[in-house]
Structure formats: C-alpha cells, structure tokens
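The values are calculated or read from the model by the stated rules, or taken from the named source; none is laboratory data. All values reported here derive from a predicted model rather than from experimental measurement. Here the Cβ positions follow ideal geometry from the backbone for every residue, glycine too, while neighbour counts run over all protein chains shown.
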Amino acid sequence: MKEPVVTEKVKKKFIRDIYVNREYSWLQFNKRVLDQALDLTNPLLERCKFLSIFGSNLDEFFMVRVGSLYNESVSAPQETDNKTRLTAAKQLDGISAVVAKLYETRSSCYSRLRKELSRSGIRILRADDLTPRQKEEGKAIFTSHILPLLSLMVLDAKHPLMQFENMKSYMLYDLEKEGRRMIGVMAINSALDRLYRLGGGEKVRLIPLEELVRLFGKLAFLGYTVNGQTMIRVTRNADFDTHIDDTDLERDFSEIMKKKVESRARLNVVRLETDTKEGKLRDFVIKLLKLNPAFCYCDERFFDYKFMFSLGSFLPPEAAAQLKYPPFKGAVPDEVSQAPSLIEAVFRRDLFLSYPYDSMSPVVDLLEECASDPRVSAIKITIYRLASHSRIAELLCKASENGKQVTVVIELCARFDEENNMYFAGKLQEAGCTIIYGMENYKVHSKIISVVLKDGEDIRYITHLGTGNYNESTSKQYTDLNIITSDRQIGEDAVAFFRNIAICNTDFTYQRLLVAPETLKSGLMKYMDREIEKAKAGKEGYILAKMNSLTDKEIIDKLEEASCAGVKIELVVRGICCLLPGVPGKTENIRVISIVGRFLEHSRVYSFGEGKDRVTYISSADLMTRNTDKRVEIAAPVLDRHIEEKIVGILRVMLSDNVKARKLCADGEYRKVETLGEMLDAQAYFLKEAGK
C-alpha cells in the first residue's frame with residue numbers, strides 16, 4: 001500500500017532549528033498508532049483495535065488541541081508558540097493538511113483489514129455487496145430494530161436551524177414535496193448496535209448500521225421525494241476554561257464543573273466529517289456551521305471505528321483467540337504473595353511493581369489491610385482517574401467507616417473523567433472521607449498514598465508512589481512503575497504534601513520528593529547540570545529518561561546544552577517530542593526512540609549518571625510545561641539500589657527494541673530502528689520475564 005506523504009513544505013513549517021511543533025509531533029505519534037494496524041507482528045483483531053484507537057485519539061485531538069488553538073486564534077491571534085514561532089492560525093493550517101493525509105491512510109488501512117477479516121471468516125458487507133435476499137433481511141432489521149430509535153426533523157420556515165450534537169452522526173436528506181425543497185435530518189441514536197448479522201450458519205456476515213441507514217433511511221420520510229443524502233458528524237471544541245475563583249466561597253466547585261461539562265455540547269464546531277467529498281448538503285452544513293472547508297474531512301464509510309473492538313464476539317471463542325494476543329494476568333511477586341502481612345513486608349524492605357507485568361492487587365490488598373489494622377490512623381490519597389467500578393474507592397469508604405482519618409484529593413478537572421470523579425467524590429464524602437477538590441488553579445496529577453501508623457509511642461509511615469492512576473482497569477493496559485516504601489523522610493514528605501494541598505501552599509521544599517510547580521523542574525535540571533559539569537571535566541556524563549511527552553522549552557534547551565558539552569543522552573518518548581535529535585553541533589549526542597505496542601507506555605523515569613553516583617527518579621510528570629509549571633506533580637527518588645537496577649534495566653531493554661521502536665531522525669521523521677542481531681520486542685520480553 002502506497003501511503004500518502006506529507007509534503008516537505010508542510011513538514012518544514014512545523015520544524016525550526018532543534019524544535020518540533022507539539023501538534024505536528026502528536027499527529028506523528030498517532031500515525032505510529034495507525035501503523036500498528038498494518039503491522040503483521042500484531043494479531044488481526046488487535047490490529048483492528050489499533051485502527052479504532054487511532055480514530056478515538058484523533059477525535060480527542062480535535063476536541064482538545066484544535067479547540068484550544070481555535071480559542072487562541074480568536075483571543076490572541078498574534079501569539080506564537082515558544083519553539084517554532086507559529087501563530088495558532090498557521091498551526092491550524094498545517095494541521096488540516098496533515099490530517100487530510102491521515103484520513104486517506106486510515107481509509108486504505110480499513111480496506112486492507114476488511115479483506116483480511118474476510119479471509120479469516122468475518123465479512124463486513126457494504127450496501128452494494130448485498131444479494132436480493134440479504135437486502136430484504138437488512139430492510140426487516142432496519143424497520144424493526146433501527147427506525148423506532150431514529151429522531152427526524154424537517155428544516156423549513158418553522159424549523160430553519162438545528163444544533164448538531166458533538167460526536168453524533170446524522171443523515172441529511174435533500175427532500176422535495178409538492179414543489180417545495182426542504183432538508184430532512186435524521187439523528188442516529190448512539191445506543192443502536194453498530195453491527196447486525198445477516199443469515200445463519202457458520203459464516204459471519206455483518207452489515208454496519210451506517211450501511212443500513214444509507215440503504216433504507218429514506219423510507220422514514222414518507223410522502224417526500226429524496227433527491228440526495230449525506231451522512232455527517234460534527235466535532236465541537238471541548239477545551240473550556242477550568243479557572244475557578246477560589247475566593248468565591250458561595251459556590252460549590254462540583255456544581256460549577258457540572259455546568260462546564262454540560263457546556264461542551266454547545267461549543268463551536270472544529271471539524272465536520274461527511275461521507276461525500278462534495279454536494280449541496282455538504283456545502284449547506286459548512287455554511288451553517290461557519291466552518292473553514294479545510295476542516296471538513298471525508299470518510300465514505302465510517303466516522304468512528306469503535307465497532308472493530310467487538311468483531312471477535314461474532315466468532316467462536318477458540319477462533320477469536322487465534323486472532324488476539326494470548327491472555328495474561330499480572331504476576332504477584334513472591335515477596336508479596338507469601339507475606340502474611342503486607343504492612344510488615346513494606347517495613348522490611350521497599351516493594352516494587354511494574355504494571356501490567358505485575359498485578360495491581362498488592363496495592364489494593366495493602367489498602368484493605370490498612371483499612372482494618374488498628375495501628376493505622378490516617379490514609380491520604382490523590383485520585384486523578386478511577387475505574388468505573390473501583391475497589392480502591394470501596395476500601396477508602398471502608399477505612400473511613402472503620403474510624404480511620406481518610407483524606408481524598410480528587411481532581412474534578414481530569415478531562416473527560418469529570419463526571420466519574422464527581423460521582424466518586426459524592427460516594428466518598430457520604431462515607432465520611434474528607435474530600436479536597438484539587439489545589440487553587442493547579443491540577444493535582446500526583447500519584448501518592450500516605451499511610452500513617454501509630455505503633456505504640458512511635459509514628460511510622462508507609463508511602464506508595466507511582467507513575468500511573470489508581471485505576472484497576474488501566475493498570476492492565478498501561479505500563480507504570482510503583483514503589484511502596486516505609487522510608488521515614490519520604491513518609492514525612494508525604495504527610496507534608498497533603499498538608500500543603502489542604503492549605504493551598506506550593507512554597508515548600510521537601511526532604512526527598514521533588515514537587516511541581518516549585519521544585520520538580522529545578523531539581524531535575526540540577527542533576528542535568530551535574531552531568532554537564534562532569535562532561536566538561538572530561539568525565540562521562542549520562543542522562544537516561546523515559547516519558548510520554550517532551551515539550552518544556554527550558555528543559556529542551558538544557559538537554560541541548562548537555563549534548564553540546566558531550567553528555568550522552570538517551571530518551572524513550574512515547575508521544576510528543578518537541579526536541580529534534582541528531583542536529584550536528586547541537587543535539588548530536590541525543591538519541592530519541594518511541595515505542596508503540598500492545599501496552600500503552602505510560603511510566604516516567606529520570607536517571608542521571610552511571611555507577612555509584614547514579615540518581616534515579618520515578619514520576620507522575622512528563623516534561624511538559626503544563627506538568628512542570630502548572631500542575632502538582634511528584635518525582636520520587638528510587639532509594640533501594642536493587643529496585644533502581646531493575647528500573648534502569650527496563651529502560652535499557654527498551655532502548656534495544658528493534659521491533660516496535662521507532663527512532664526520531666534529524667529530519668523530523670520516525671523510522672524503524674536498525675535491526676542488528678536478534679529481534680527484540682521489549683514488551684514481549686517483559687511478558688516472558690514475568691512468566692507469561
């Protein structure tokens with residue numbers, strides 16, 4: 001398959017000196033996700049899921065990032081980004097060109113997957129594929145199962161306009177009746193099934209909802225002549241302002257957030273998708289929405305591919321299993337599974353968990369033990385995202401009901417999880433937990449649990465520090481690192497951290513923890529400076545780091561300085577990377593790779609030096625300005641040398657990946673890592689190491 005190529009002119013617009021525009025870099029990342037849908041090392045049904053994930057990612061990109069740029073283009077049209085010096089309008093122009101190519105690539109990708117699915121026993125039918133008998137069966141399905149759930153409207157003098165809902169599909173019809181021309185609107189209920197099975201027997205023949213609507217939707221407009229039809233979907237700006245005046249004590253923050261979430265349905269349109277490239281109906285909608293035609297994209301079949309997740313359910317279990325990754329369950333380390341008491345196990349030595357290769361159950365089990373142990377007097381936790389059915393939340397309620405002092409810092413501004421977090425905030429409050437809604441206008445993104453125990457006359461501490469959310473579901477899909485420690489200084493830091501959150505104080509220096517917005521960036525840069533000085537003195541300087549995104553200009557400039565001084569720098573950056581490596585005389589000592597695979601790489605690690613003077617931190621923070629300057633984040637030192645060796649070893653394996661890894665080159669392109677010797681898929685290696 002020949003892929004559409006982004007022109008050099010467009011690419012150069014997004015690159016300046018050693019900097020890459022963050023929006024362009026994100027689109028490159030999502031292209032790497034789409035590449036996994038074509039990667040034959042992945043099972044077929046997993047490749048179908050990657051196609052769906054690509055689309056969901058792109059939807060969020062438009063709602064959030066394009067929405068933000070739209071706001072900026074209106075409020076501050078002359079403002080430029082601090083790296084590539086592009087205005088919001090110029091970034092939007094470039095984005096529209098890159099995304100148009102991605103739509104072409106997605107369409108080609110789906111066509112290839114559809115053919116492979118057919119060879120594997122799943123045939124996804126189009127309207128023009130149907131036999132006369134299948135058409136009659138499809139018509140019966142439409143009439144009995146779909147038509148009753150469709151909402152209709154005719155736009156005329158009495159109903160001249162309508163509000164298209166965000167991310168909802170509509171079929172528009174060019175109608176005629178008694179010489180009058182009107183527009184019919186059919187809202188497609190999101191509760192409808194996306195796929196319907198035709199015929200019986202062993203062969204799986206599926207007809208998508210969209211095809212049935214295209215074929216039979218006009219039957220709903222009795223008495224009208226249908227001259228044409230177009231399916232559309234609009235994407236609305238979801239980047240609303242979350243700034244709250246903390247001096248307004250009369251208003252409940254949760255009620256304010258509820259109103260802001262509801263407002264998303266009414267915000268401006270940032271994208272239109274249609275199933276036709278031209279036509280009167282398409283032009284009518286563009287004019288109605290006052291949308292730049294460059295942000296109208298065509299996909300002749302679907303606007304989202306979420307149905308690709310469910311294809312395996314139409315096959316016998318044993319057949320579906322052959323087309324998926326082998327199932328696995330996270331391991332529980334022997335030191336945990338054989339311990340009569342997890343509290344006592346942590347007192348003996350620090351515990352380390354690497355999700356999803358290790359199970360999250362030890363963290364849950366520790367909370368359960370703490371909820372009942374009479375020595376435990378207080379449990380404090382930060383919550384950013386929870387599973388919809390959260391055992392963590394249940395145990396916090398149990399601890400409170402058992403008389404423990406439970407404090408929950410819950411972030412109501414966690415984008416797209418606001419409603420879920422508001423629900424749990426209410427449940428926890430009902431159980432007697434103290435609820436804190438973040439900190440002034442900083443998002444609390446830290447991942448920390450503080451347990452305080454009164455053991456006789458002694459106060460003891462257990463602290464959990466992690467790189468990912470307390471979410472039982474995502475712990476099976478995201479790679480995250482966790483340390484549970486009884487170190488006194490970290491324990492005292494944790495207690496001070498929650499105290500400072502409660503009184504909205506950021507001006508505090510901790511003994512061991514680096515905490516944004518005050519000390520995290522400066523603390524990490526201090527170690528970068530240490531490596532620079534070593535290199536200048538003729539010694540070997542080394543920086544090893546892993547993160548989701550790198551956008552902070554101050555840190556990028558420091559990394560350039562380190563490279564120029566001769567420091568060797570190796571970075572594993574899954575998503576956005578605004579640093580261009582390999583530029584002669586500037587970043588030639590920097591290597592950047594990205595790994596997109598079965599699991600979402602989510603852990604953040606920052607390591608400086610080698611040998612005895614090596615210092616390593618795990619963190620909740622990416623090196624993005626929003627994290628380092630505008631959020632409450634934690635970087636925790638890895639004190640146990642054995643655990644530190646494990647973590648650095650994990651990164652070194654990832655740097656050796658030559659299957660899923662892509663190397664960022666000096667021209668801004670991501671290319672496959674050169675294959676030298678045996679093939680190594682890092683995630684597959686870690687699964688094997690975990691005995692899976």
field: Hey, Leu161 more than 27 Å from Lys306 (Cα to Cα) and either basic (Lys, Arg) or at pLDDT 95 or above (or both) or not
entry: no
task: Could you check, for segment 426-443, whether at least one of its residues is closer than 12 Å to Arg385 by Cα and surrounded by 19 or more Cβ atoms within 10 Å (Cβ to Cβ)?
output: no
- request: Would you mention how many residues in segment 458-470 are in contact with a strand residue (DSSP E or B) (Cβ under 9 Å, 6 or more places away or on another chain) and either exposed (fewer than 15 other Cβ atoms within 10 Å of the Cβ) or not in a strand (DSSP E or B) (or both)?
  value: 5
- line: Taking segment 604-640 and keeping residues in a loop (DSSP other than H, G, I, E, B), hydrophobic (A, V, I, L, M, F, W, C) and closer than 22 Å to Cys578 by Cα leaves Ala621, Met624
field: Residues that are in contact with an Asp or Glu (Cβ under 6 Å, 6 or more places away or on another chain), surrounded by fewer than 23 Cβ atoms within 10 Å (Cβ to Cβ) and small (Gly, Ala, Ser), drawn from segment 602-659
entry: none
message: Can you tell me which of (1) more than 19 Å from the chain's Cα centre (by Cα); (2) over 22 Å from Glu344 (Cβ atoms) is the one Thr485 doesn't meet?
response: (2)
field: The listed residue being buried (at least 17 other Cβ atoms within 10 Å of the Cβ), farther than 22 Å from Val406 by Cβ and assigned by TED's automatic domain parsing to the domain that holds Ser52, out of Leu315, Leu353, Leu281
entry: Leu315
- prompt: Within segment 480-494, how many residues are over 16 Å from Ala621 (Cβ atoms) and touching a residue at least 60 places away in the same chain (Cβ under 8 Å)?
  reply: 6
Hits in segment 295-331 - residues which are within 17 Å of Met167 (Cα to Cα) and of a type in the set (A, V, I, L, M): none
query: Counting just the residues of segment 35-64 that are in contact with a Ser or Thr (Cβ under 7 Å, 6 or more places away or on another chain) and surrounded by fewer than 22 Cβ atoms within 10 Å (Cβ to Cβ), which one comes out nearest to Arg85 (Cα to Cα)?
result: Asp59
- request: Only residues that are within 17 Å of Glu211 (Cα to Cα) and either touching an Asp or Glu at 6+ places or on another chain (Cβ under 8 Å) or in a strand (DSSP E or B) (or both): list them for segment 144-184, please.
  value: His145, Ser169, Tyr170, Met171, Leu172, Tyr173
task: Could you tell me which numbered condition Lys90 fails, if it satisfies all but one of (1) modelled with pLDDT under 95; (2) part of a helix (DSSP H, G or I); (3) surrounded by fewer than 20 Cβ atoms within 10 Å (Cβ to Cβ)?
output: (1)
Filter result (in a loop (DSSP other than H, G, I, E, B), touching a residue at least 40 places away in the same chain (Cβ under 8 Å), among the hydrophobic types (A, V, I, L, M, F, W, C) and closer than 16 Å to Tyr355 by Cα) within segment 316-340: Phe328
message: Considering only segment 62-79, I want to know if a residue exists there that is β-branched (Val, Ile, Thr), more than 17 Å from the chain's Cα centre (by Cα) and part of a loop (DSSP other than H, G, I, E, B).
response: no
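Can Gln405 be described as farther than 26 Å from Arg626 by Cα, in contact with a strand residue (DSSP E or B) (Cβ under 9 Å, 6 or more places away or on another chain), modelled with pLDDT under 95 and not β-branched (Val, Ile, Thr)?
no
Is there a residue in segment 494-508 that is under 25 Å from Ala345 (Cβ atoms) and among the aromatic types (Phe, Trp, Tyr)?
Taking every residue of segment 494-508 in turn, at least one turns out to be under 25 Å from Ala345 (Cβ atoms) and among the aromatic types (Phe, Trp, Tyr).
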task: Return a yes/no flag: does segment 510-530 have any residue that is of a type outside the set (D, E, K, R) and on the phi > 0 side of the Ramachandran plot.
output: no
Scope segment 505-516; condition closer than 25 Å to Ile569 by Cβ and either modelled with pLDDT under 95 or among the β-branched types (Val, Ile, Thr) (or both); matching residues: Val515
task: Determine, yes or no, whether Arg194 is of a type in the set (Lys, Arg), touching a Lys or Arg at 6+ places or on another chain (Cβ under 8 Å) and surrounded by 19 or more Cβ atoms within 10 Å (Cβ to Cβ).
output: no
query: Within segment 100-141, how many residues are in a helix (DSSP H, G or I) and in contact with a Lys or Arg (Cβ under 6 Å, 6 or more places away or on another chain)?
result: 1
message: Being within 20 Å of Tyr606 (Cα to Cα), modelled with pLDDT of 95 or more, in contact with a helix residue (DSSP H, G or I) (Cβ under 8 Å, 6 or more places away or on another chain) and among the acidic types (Asp, Glu): is that true of Glu533 here?
response: no
